[in-house]
Amino acid sequence: MQKRFPLNKIVGYLFVIASALIMLVPFLTTVFNSLKTYKQYMQFPPEWLPNPTQWSNYTTVWEQANFSSYTINSLIVAILSVIGALLSSSMIAFAFARLRFPFRDTLFIIVLGTMMIPGIVTIVPQFIIFKNLGLLDTLAPLWILEWLGQPFAIFLMRQAFLNIPKDYEEAAKLDGCNPFQIYWRVFLPMCKPSMATLAVFTFMGKWNEILAPVIYLISDENFTLPIGILSLSGQYKTEDQLLVAGALISLIPILIVFLFAEKYFVEGSKTSGLK
């Protein structure tokens, strides 16, 4: 007896395949454009496949645009931001989730309220503060704020801590653990999926950030990768395919971070319904 697929499953599979193609075709087009000559890139009607394939576009961008320096600067900013976000936001979230102190809920509401303040509003005060501290044209303004706790990160980690049964906390107290030991040894290891999510979001946000580097950075040696890619339009005005190649190069670290964090996402989806 042949097994028949229900109509709703067939429609669902077709919808998923169509959605995947919609996402995949622009990406493949970008990859092919990065391997073209300028003449092929500007040709109309456009050619789908590059002929000949210009793999040298990637080496040209890397060598002539100082991409190694831009990449190192971006890695410094992204990694320090991730470490700061995980430590500061998780500590604050643990306090809001598990500790008892006056005006705790009121303070948490105030923290959430700051999420409604547009980031553009705080640009001028932050610029004045960093100028008085002598931190302009350095990488510090790009990562130091993450060490002070961010509202969304605090909210995300607080929800993760609230989902942990109180029995674990009580058992740790019976073993003589103080609040910091409970936070560090018990709660953090149990919240790896949420921490992986926060790490990926923070890394992507800082890696692709453009506004702050434009405001705080002046010297070419301090530029991050997004600003370095934008500078290509000034150095190679007739080589637009190099911009595409540079943009694709900047995607590699994000893909690597996501692949490393993927297992924690899967773990979180498996255990999200368990209490």
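The values are calculated or read from the model by the stated rules, or taken from the named source; none is laboratory data. Keep in mind it's a predicted model, so treat the numbers as computed, not measured. Using ideal geometry, Cβ is built from the backbone for each residue, glycine included, and neighbour counts are taken over all protein chains shown. We work out accessible area using only protein heavy atoms, side chains counted, and drop any ligands, DNA or RNA first. Shrake-Rupley method; radii C 1.70, N 1.55, O 1.52, S 1.80 Å.
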Exercise for review: Tell me, please, whether a residue that is open to solvent by less than 90 Å² (accessible area, probe 1.4 Å), modelled with pLDDT under 95 and over 24 Å from Met91 (Cβ atoms) can be found in segment 140-153.
Suggested key: no
Practice item. Determine whether segment 81-99 contains at least one residue that is in the same structural domain as Ile218 (by the TED database), surrounded by fewer than 16 Cβ atoms within 10 Å (Cβ to Cβ) and more than 23 Å from Ser194 (Cβ to Cβ). Key: no
Exercise for review: Hey, can you tell me all the residues within segment 30-62 that are open to solvent by 60 Å² or more (accessible area, probe 1.4 Å), under 19 Å from Leu251 (Cα atoms) and not in a helix (DSSP H, G or I)?
Suggested key: Trp55
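Residues that are aromatic (Phe, Trp, Tyr): find the helices (runs of 4 or more DSSP H) completely inside segment 140-254 holding 3 or more of those.
151-162, 192-207
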Check your understanding: If you take the residues in segment 6-19 that are modelled with pLDDT under 85 and aliphatic (A, V, I, L, M), which one is most open to solvent (accessible area, probe 1.4 Å)?
Key -> Leu7
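Among the residues of segment 102-133, write down those that are more than 16 Å from Ile92 (Cα to Cα) and either basic (Lys, Arg) or not in a helix (DSSP H, G or I) (or both).
Here is the first cut: in segment 102-133, the residues more than 16 Å from Ile92 (Cα to Cα) are 116-133.
Ile117, Pro118, Lys131, Leu133, listed by residue number.
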